[in-house]
Amino acid sequence: MGITYAELEPYYERFERQAAVSGKAGNLRGQIQAGGNRFEAPRANEYALPALTPILSSEVFGEAAKNLGYHPFSTAVGERLAGLHQSDGAKFGACQYCGYCQRFGCEANAKGSPHVAVIPIAMKNPNFELRAHSWVTKIIKDSDGKRVTGVAYTNILNGEEFEQPAAWSC
């Protein structure tokens, strides 16, 4: 049997809070919410932060879609309306609506990118080691395939392959 969304949702929510995701839930505990994605699975809670202010092109598109009988909605994003300092030390800037966030880094640090939301916090752990220029090529599992025991990765600069065992402290 597969994993249900209900089983995964607490982990999604935890990361959405860590990365300071902004958005509007469309289905809260089975109740459809105006302005959100009415087709999403039921969520237990709203997103960590409110949705960004829509730009004019989004408003025009949304109105046209509604007039055609569709249900437009804004997607949740890893940007925020105002700066934010998380209790773990992550510091996010406010979205400047510059339009470059689709494929590029954010000069205002408003994006919940790993270099802002994850890596600085992980670096506080003495067991953390950042391995740049590495590409995970395989997830290694135990003999019954139920537990991950490590990863195989390649140094992309020289092609050298490594196995990194996983340590569990659950």
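The values are calculated or read from the model by the stated rules, or taken from the named source; none is laboratory data. If you're wondering where the values come from, they're calculated on a predicted model, not measured in any experiment. Reconstructed Cβ throughout: ideal geometry from the backbone, glycine too, with neighbour counts over all protein chains shown. Accessible surface areas use protein heavy atoms only, side chains included; no ligands, DNA or RNA. Shrake-Rupley method; radii C 1.70, N 1.55, O 1.52, S 1.80 Å.
For this structure, a couple of remarks:
- Cβ-Cβ FRET estimate between L68 and A94, R0 fixed at 41 Å, reported to 0.05: 0.75
- The shape of region 53-103 comes out prolate: with a ≥ b ≥ c from the C-alpha gyration tensor, a/c is at least 1.5 and a/b beats b/c.
- Contact order normalised by residue count of region 26-88, Cα under 8 Å, 6+ apart, percent: 31
- Restriction of the GluC sites (Glu not before Pro) in region 109-170 to DSSP coil positions whose beta-carbon has at most 14 other beta-carbons within 10 angstrom yields E129, E160.
- Principal-axis tilt of helix 56-67 within the chain, Cα atoms, nearest 10 degrees: 70
- Three-way shape call for the chain based on the alpha-carbon gyration tensor, with the a/c threshold at 1.5: prolate
- Where labels lie 7 Å past Cα in the beta-carbon direction, separation of K146 and Y5 in nm: 2.8
- A simple spin-label model places the labels of V60 and F128 4.3 nm from each other, with each point 7 Å out along Cα-to-Cβ.
- Probing with 1.4 Å while keeping every protein chain in the model, the per residue accessible area of region 33-100 equals 66 Å².
- Amide H within-cut-off set for R43, under 5 Å, with H built and near neighbours excluded: N27, L28, R29, G30
- Within region 103-141, the chymotrypsin sites (Phe, Trp or Tyr not before Pro) that combine a DSSP coil assignment with at most 15 other C-beta atoms in a 10 angstrom radius are F104, F128.
- Loop sites in region 1-96: trypsin sites (Lys or Arg not before Pro), DSSP, at most 12 other Cβ within 10 Å: R29, R38
- A straight chain from Y12 to Q86 at 0.36 nm per residue would run longer than the Cα-Cα distance by 24.9 nm.
- Protein accessible area in the chain, 1.4 Å probe - carbon and sulfur %: 57
- Taking a ≥ b ≥ c as the square roots of the eigenvalues of the Cα gyration tensor, region 70-152 is classed as prolate, since a/c reaches at least 1.5 and a/b is larger than b/c.
- By the rule of a C-alpha distance below 25 Å, with chain neighbours fewer than 8 residues away ignored, the lysines paired with K66 are K24.
- Selection from A19, P50, C95 lying farthest towards where the dipole of the chain points positive, charges on Cβ: P50
- In degrees, nearest ten, helix 5-18 long axis to first principal axis of the chain (Cα): 90
- From the alpha carbon centroid of region 40-97 to that of region 114-131 is 27 Å.
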